[in-house]
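This report refers to the structure that appears directly beneath it.
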């Protein structure tokens, strides 16, 4: 297992969360889901390149069968979020269909390859097993399409690399040998219950509780992905919905822009501020002038919390397979951000006679990508076992 490269990507509508395992060494990344077309004419060279890191200045050109227009160059992630023409995700975007998915995924994979091969300008990076996620609302119809577009060899040129002489570019050949697609929410359950090293069960109590039923609600950018677990396996009758934090973030950004004359570059900029804690909930429209934004934030998070619980109630009432579920679990970055508001809303929900007692696990915002890395390793082991069995039968 430690002689292989595994790459796990939680394709979020707000953030891409990535875990890479190279011969057992783990690297972790978080990239805003943002791209912007690059225009050489308007590119501003950093004043001092020594102060610029590649992750903040990622400019990529992708040549791949997954991309229709192979001539465009894009800012990706943090660098894109600072551009006037930044493109963020639209509501209910279809991840397998959109080229931004592949531009960002190949871009961050190429960045990682450059990070672990610092002395090379032409890099070949093989991924033995890639694991990616889709919302439960898209999983059944789109997983095979996503898998086929990701498989194979892809060329990524990273332009304007700080610290390199002209032409200031790296070329990375990505070779993706196998892909497995997981459903958001179900991957979180793997992250909760499986050990990263041994892949064995690490939470016996939670697995036992699955005999009576568990419901996981993964609250993301544009989707809330519900997964019912019965006897340690997902059930088919539980489905997610197109509902998430992005609508509420957009409302906050719009209200602040109108009332405080401050415009956020992207949702990710606002989210980072909110995650930093209430002491950072202010903006500076002018130098030295601080404006408190909690009056715009809290009402939106409260509204989202109430809607989240309404969806939880709908799911537990609509599925016979998980009626009487033993445990309700909230996961996802949006749920962590609004945890206090969700808990306060749950108290009022209980007063109405419909109690929903939620568990908020540790690392709840990372459970999907942790589960995806487990999924990658498990699928690789399965393939190895199948190949060795086939070899034995041929020899026999």
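Derivation of every value follows stated rules applied to the coordinates shown; laboratory data play no part. Treat the numbers as computed from the prediction; the structure is a model and nothing was measured.
Taking every DSSP helix (H) stretch of at least 4 residues in the chain, weighting each as -39,500 (n - 2.57) and dividing the sum by the residue count yields a mean residue ellipticity at 222 nm of -12000 deg cm²/dmol. Per residue, the average separation of C-alpha pairs within less than 8 Å and at least 6 apart gives the stretch 181-292 a relative contact order of 15 percent.
Across the stretch 5-182, the relative contact order, built from alpha-carbon pairs under 8 Å that are at least six residues apart, equals 26 percent. Classification of the stretch 1-112 by its C-alpha gyration tensor yields an oblate form. The axis ratio a/c (a ≥ b ≥ c) is 1.5 or more, and b/c is at least a/b. Based on C-alpha pairs under 8 angstrom that are at least 6 apart in sequence, the chain has a relative contact order of 18 percent. Beta bridges assigned by DSSP with both partners in the chain are antiparallel in approximately 70 percent of cases. Looking at the square roots a ≥ b ≥ c of the eigenvalues of the Cα gyration tensor of the chain, which shape do they give, rounded for a/c under 1.5, prolate if a/b is larger than b/c, or oblate? Taking the square roots of the gyration eigenvalues as a ≥ b ≥ c, the chain is oblate.
I'd like the antiparallel share, as a percent to the nearest 5, of DSSP beta bridges with both residues in the stretch 5-182. Intermediate values should be presented prior to the final figure.
On the way: 34 of 48 bridges.
Once the DSSP bridges in the stretch 5-182 are tallied, antiparallel ones form about 70 percent.
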